[in-house]
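Trainee: Below you'll find the structure I mean.
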Amino acid sequence: MKELLARLFAKPMIAFELIAASFFANMLALATSLYVIQVLNRYVSYGVDSTLATLTVGVLIAIILEFGFRQARLMLASTISSESDETLIIGSFGILTGAKAAAMDILPPGLRREVLSGADTVQTAYNAPNIAAILDVPFALVFVAALFMLSPPIAIVVTFFVVGVLIFGIGGQSALRKPTQDLAMVSARRGALVGAAIAAADTVRAFNAAAFMRNIWRKESVVHQGLRRRVISLQGLIQTLTPSVQATMSVTVIAIGATQVIAGDLDVGAMIGCNILAARALGPMTRLAQLGEAFAKARQSLSMFQEFSKLPQERVQGSALTEYKGGVEFVDLAFAYPGANAPLFESLSLKLEPGSIMVVFGANGTGKSTMARLLLGLVEPSRGHILADGVDLAQVVPEWWRKQVAYLPQEPRLLNVSIRENLTVFNPDLDDAGISRLIKAAGLRAYIDQSTDGLEALITHNGENMSLGIRRRMALSRALACDGKLAVFDEPTEGLDKEGSAQVYAAMNAMAKRGHTTIVFSHDPRILKGAGYLLDLNFKPTPKFTSMTPEMQKMLKGGKT
């Protein structure tokens, strides 16, 4: 109940009104029992119609007022939860999009989705009706107190049932905690399998991996079903035991009441009234027990969210240059993945003046894409520094820095929004004329003209259902939307036809003429010919940095390497 208390204490005045509404609603709920007692004892015994009319009008007024207080309580409970739910839902997505990329790389995609869906689980558990049900629990004492005034023996028995059901409900929630936690982890793994089967559908079929995937799915499903059956079994036990407990308590109350009626210590009206009061006292406890699964899931989701919130976030404060001119410097730079036996590279020092062109090349796995991510500030060096016009990237605001960089990743992924929004996400102020220039520069005009909705056509599956060439052209347009002084292109011509490659060469030449610093990760001979500097990542552990002399450029142009 820690989460509920936190929500109540966050808005103390509303919480006070909520508790007050619960008090009045439960006090008015006594009216039905009192009405039964009075009708049986006064009207049935004496047959005065005015007495029945008065009692009936009075109880109807009480029922209407009770309804009003319960409705007001639901509105207040909704207000109590709305801000917390919004904070949780928006906060979880904010953490997802604001956490450092290196930290996010460690988490399986299925677990990330489970955390986000967990916000909905918490919202469902702590909805207004459930909060109202929890607040009714302490007011069960009101009905027990009324029972003590009518018949202490019956009250003692009802107290036993109420406490027993409360303990059973709390124990059920505790028993559900571990299987619910395990179920969430298995669900995350199954989600990852589903994501892989969808995203890599061709791979699964082309390499006959369907049987392999189905085998893993079968094993995970067996575990999932076992845990699910356990959870359902526990929840089912609670649900089936509840009516049995209610029936047993009712029988016990009537039996004790009947003996008291025979003994002359209780009348029939009071006996029936006691039975009604006993049911009202037990009701909140049974409702709490039935909510055990929902609260167990919510607790697990909150625990996952708390762990998720510990992920290191990107800086939102720091330095920002008034004007970035394009200078880049590596100072004793090194990078190693956690747990790796050796660094990708180390002791790398070089300096590029504004307007320089450096081509980085190396075999697969030598760290080309990692270095590109280092330049973007997506991952941090294990040692050393990257300086932008002399300022350490570790000190600048990442959002500001990325506005200075035209970035074309090796594996371009698009957002699941319209083409227009993909092209302008980096520069929302870009007008139609600017968008048209981007389309022309990347050679996208024919593709967009053939799309049914043109620029408003929606991208799905992050563009993975599009050809690599079109995705690269889209990514090129997106990169060119930023007129930053530094361009970082990772394998920009890979997967492009002759025309597409020409578009990339033209874009790079245009940036070079405007004095932009360009760092390209590529083996493309035409790109190598235009380099002022070469960085060979094949040399380990320290890459080889070479300044291109006129003789070397002539050798490249002559087709020699």
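Values in this text are rule-based calculations from the coordinates and carry no lab data. All values derive from a computational prediction rather than experimental measurement.
Trainee: Starting from the amide H of Asp490, placed 1.01 Å from N in the peptide plane, find each other amide H under 5 Å away whose residue is 5 or more places distant or on another chain.
Mentor: Leu408, Gln410, Phe521
Trainee: With just the Cα atoms defining each centre, how far is region 351-411 from region 11-31? Give it in Å.
Mentor: 60 Å
Trainee: State the dimensionless ratio Rg/Rh of region 328-557 (Rg: radius of gyration of Cα atoms; Rh: Kirkwood radius).
Mentor: Ratio of gyration radius to Kirkwood radius for region 328-557: 0.97.
Trainee: Can you give the % of DSSP beta bridges in region 328-557 that are antiparallel, to the nearest 5?
Mentor: Close to 50 percent.
Trainee: Contact order normalised by length for region 2-308, with contacts defined as Cα pairs under 8 Å and 6 or more residues apart; what percent is it?
Mentor: Rounded, it is 30 percent for region 2-308.
Trainee: So, one more: With runs of 4+ DSSP H residues as the only contributors, calculate the mean residue ellipticity of the chain at 222 nm using -39,500 (n - 2.57) per run, divided by the residue total and rounded to the nearest 500.
Mentor: Rounded to the nearest 500, it is -21000 deg cm²/dmol.
Trainee: Moving to a separate point now. Using each residue's phi in region 514-521, evaluate 6.51 cos²θ - 1.76 cosθ + 1.60 at θ = phi - 60° and report the 3J(HN,Hα) Karplus result to the nearest Hz, with x for Gly and Pro.
Mentor: After applying 6.51 cos²θ - 1.76 cosθ + 1.60, I find 8, x, 7, 6, 10, 10, 10, 9 Hz.
Trainee: Give me the percent of DSSP beta bridges within the chain that run antiparallel, rounded to the nearest 5.
Mentor: 50 percent
Trainee: Here is a follow-up. Which cross-chain or sequence-distant (5 or more) residues have an amide H under 5 Å from the amide H of Ile357, H modelled 1.01 Å from N in plane?
Mentor: Excluding prolines and chain starts, which carry no amide H, the hits are Thr518, Gly532, Tyr533.
Trainee: Distance from the Cα centre of region 221-265 to that of region 465-536, in angstrom?
Mentor: After rounding, the separation between the Cα centres reads 71 Å.
Trainee: Using only alpha carbon pairs under 8 Å that are at least six residues apart, calculate the relative contact order of the chain and give it in whole percent.
Mentor: For the chain, the relative contact order is 15 percent.
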